[in-house]
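The values are calculated or read from the model by the stated rules, or taken from the named source; none is laboratory data. Nothing here was measured: the structure is a model prediction, and the numbers come from that model. Ideal geometry is used to build each Cβ from the backbone, glycine not excepted, and the neighbour counts take in all protein chains shown. Please note that ligands, DNA and RNA were not included when accessible areas were found on the heavy atoms of the full protein model with its side chains. Shrake-Rupley method; radii C 1.70, N 1.55, O 1.52, S 1.80 Å.
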Amino acid sequence: MIKINAIKSNIYECSFSNRYSAISFNGRTRIKPDTFEKECVYKNFDMYMYNPHTNSYNHSVVSINLTQPQKIKLKNNSKASKADVELNLDYNSERFDFLWDKKRGCKLKTVILISHSGKFETAYHFMSPKLDKEYGYVNLVDYFGKLPDKYKNNFMEEELFKDYKAQGITGPRVIVDYLENFDDKSVGGVGKLADKLAVKHCLDKNIEPNIISVADYNSHVAHYLRGKRFFPLKKFSDAYDYFKCVYKETDVNKILEKLIENSKSTGVRIDISQWGILPMYMPKELAMKYIEELKIHPIL
């Protein structure tokens with residue numbers, strides 16, 4: 001595979017299936033169904049959940065009342081090097097939105113749990129109402145002018161943190177560190193909900209909706225169709241030379257538009273397997289669309 005960038009970044013926005021369940025419960029400790037239906041309480045559960053802050057799993061025996069807001073603390077981490085790192089989750093059954101059930105063709109309610117790592121990193125976890133399945137998550141990083149430690153010496157630094165005046169991206173911003181759909185064959189809408197939450201996150205932090213991310217391997221088309229747009233390529237960079245040679249064009253947005261139109265008319269699947277990761281942003285008009293949606297249907 002020809003890579004546009006020589007080094008692969010650990011800052012991705014992508015969606016792919018995971019063969020492991022993101023969250024599981026020890027069924028032997030679950031209370032009887034009829035009791036659960038009456039009390040809406042889980043007792044003494046060994047709860048496993050993916051921790052995007054450490055790229056590992058956390059678990060603990062917990063008691064959860066699905067009718068009450070509460071803090072959920074998962075103390076044990078699957079990585080030996082992160083054994084003392086807890087995953088602290090904020091749960092509220094009234095904080096929810098909808099994904100899409102691809103198999104049944106209907107809306108899929110998802111409760112949104114929140115976790116933090118330090119002052120500037122926040123993850124939103126998309127869970128089933130009974131917390132027995134995690135559909136996906138988005139991890140966001142706030143940038144106020146000081147480079148977070150995790151991005152130091154990273155080759156994408158310039159693209160993520162510089163100002164793009166022509167696109168209206170200047171000053172403080174929110175970076176989509178990672179976006180993942182654990183079951184994209186059955187569940188849709190994870191990317192759209194992640195975008196909406198990124199806008200809400202900006203509003204909550206009093207940041208102008210400047211949302212930056214990068215498209216990972218084979219994800220460029222999906223992000224473009226969802227409304228994201230790519231920054232101009234740096235002249236005479238590897239990426240610039242690649243697109244100039246292959247497509248006789250260096251505007252990635254125009255290239256994608258042509259590829260999508262061609263695919264619609266010919267039925268031939270778009271092949272961008274040779275593309276590397278590329279920085280992109282959320283246009284102001286798309287951010288305004290989500291702001292209007294949040295006014296009509298607020299997320300707690």
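The residue that is nearest to Tyr57 (Cα to Cα), among those in the range 89-123 that are basic (Lys, Arg) and assigned to a strand (DSSP E or B), is Lys109. Of the residues Leu259, Leu286, the single one that is free of Cβ contacts under 8 Å to residues at least 60 places away in the same chain and closer than 27 Å to Trp100 by Cα is Leu259. Determine, yes or no, whether Phe126 is buried (at least 16 other Cβ atoms within 10 Å of the Cβ), of a type in the set (A, V, I, L, M, F, W, C), over 22 Å from the mean Cα position of the chain (by Cα) and in a strand (DSSP E or B). When the stated conditions are applied, Phe126 does not pass them. Of the candidates Tyr224, Tyr242, the single residue that is assigned to a helix (DSSP H, G or I) and touching an Asp or Glu at 6+ places or on another chain (Cβ under 9 Å) is Tyr224. Selection of the range 235-251 for residues being open to solvent by less than 90 Å² (accessible area, probe 1.4 Å) and of a type in the set (D, E, K, R) yields Asp241, Glu249, Asp251. Residue count for the range 201-229 satisfying the condition of being touching a helix residue (DSSP H, G or I) at 6+ places or on another chain (Cβ under 6 Å) and open to solvent by 10 Å² or more (accessible area, probe 1.4 Å): 5.
Surrounded by 14 or more Cβ atoms within 10 Å (Cβ to Cβ), of a type in the set (Ser, Thr, Tyr) and either touching an Asp or Glu at 6+ places or on another chain (Cβ under 6 Å) or more than 28 Å from Asp204 (Cα to Cα) (or both) - does that describe any residue in the range 281-297? There is no residue in the range 281-297 that is surrounded by 14 or more Cβ atoms within 10 Å (Cβ to Cβ), of a type in the set (Ser, Thr, Tyr) and either touching an Asp or Glu at 6+ places or on another chain (Cβ under 6 Å) or more than 28 Å from Asp204 (Cα to Cα) (or both). A Cβ distance below 9 Å, combined with a sequence gap of six or more or placement on separate chains, defines the contacts here; from the range 93-121, residues that are loosely packed, with under 15 Cβ neighbours inside 10 Å reach residues that are in a strand (DSSP E or B) and among the aromatic types (Phe, Trp, Tyr) in the pairs Cys106/Trp100; Lys107/Phe98; Lys107/Trp100; Lys109/Phe96; Lys109/Phe98.
If you go through the range 245-281 and keep only what is polar (S, T, N, Q), in a loop (DSSP other than H, G, I, E, B) and within 25 Å of the chain's Cα centre (by Cα), you end up with Ser273, Gln274. Condition check for Asp84 on (1) among the acidic types (Asp, Glu); (2) modelled with pLDDT of 95 or more; (3) in a loop (DSSP other than H, G, I, E, B): one failure, at (2). The listed residues are Asp183, Asp142, Asp132, and the only one of them that is open to solvent by less than 20 Å² (accessible area, probe 1.4 Å) and touching a residue at least 40 places away in the same chain (Cβ under 8 Å) turns out to be Asp142.
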